[in-house]
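Worksheet: one structure, shown below.
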Amino acid sequence: MSEVSQERRRGRLFVVSAPSGAGKTSLCQAVSGGLAGLKHSVSYTTRRPRPGETDGRDYRFIGRDEFDARVRREAFLEWAEVHGNLYGTSREDVESDLSAGTDVILDIDTQGASQVRKAGVPAVHIFVLAPSLAVLEARLRKRNSEPEEEIERRLARAIDEIRDLPNYEYVIINTEFDGALDALKSIIRAERCRLLPGDAERRIKNLLK
């Protein structure tokens, strides 16, 4: 057996949550493009694409009937209704990547992260915050993609989501993008060095054989 196959490990799952407008999707896309061996999982959603979004890159845009059919087949690792739209993560895609030794990063809301925990799936949970609610509101308005009532709904939900912070291992304050991206990279690099159950014994065996 080759040294490469001996050292192959199961991929690690990173779950990133944040209130709408805090920047989690942009951070996840950037970090997956900047670190080798890390894949950004693209969620399925029933919402309409925003200007500049591409199907298959930002989200997989599908109809509600197709989404419901996937729910009935238990095809989603997690799914949730957020701001009137449905979002879900493909169970098969994530398991395939993790089994191949690829790390996977999910940007999902707090409901989805809770489902991942309840399912007993090992994961590193990271929460992204804007410096303040005022900054969060300004970022939502700058997008010019939602009407006033939708912005107000997202801000109200942000308060509920922030209360879920104690369930996360890491928090990143996204004051400026490059600093937040560096913090996310540092977390992933550190977790890749963490010894998981069985890792120490396997490495000792490989080194001393």
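Data for the structure
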quantity	calculated
Filtered residues of the range 131-185 (kept if in contact with a strand residue (DSSP E or B) (Cβ under 8 Å, 6 or more places away or on another chain) and among the hydrophobic types (A, V, I, L, M, F, W, C))	I162, L165, V171, I172, I173, A180, A183, L184
Residues of the range 117-137 that turn out to be over 18 Å from the mean Cα position of the chain (by Cα), among the small types (G, A, S) and open to solvent by less than 60 Å² (accessible area, probe 1.4 Å), as a count	1
Single match in E53, E92, E81, E66 (criterion: in a strand (DSSP E or B) and surrounded by fewer than 16 Cβ atoms within 10 Å (Cβ to Cβ))	E81
Qualifying residues in the range 176-209 (those that are surrounded by 13 or more Cβ atoms within 10 Å (Cβ to Cβ) and of a type outside the set (D, E, K, R)) - the one farthest from L129 (Cα to Cα)	I188
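The values are calculated or read from the model by the stated rules, or taken from the named source; none is laboratory data. Being a predicted model, the structure only gives us computed values, none of them experimental. Neighbour counts run over all protein chains shown; Cβ positions are idealised from the backbone, glycine included. Side chains are part of the model used for accessible areas, which takes the heavy atoms of the whole protein and leaves out ligands, DNA and RNA. Shrake-Rupley method; radii C 1.70, N 1.55, O 1.52, S 1.80 Å.
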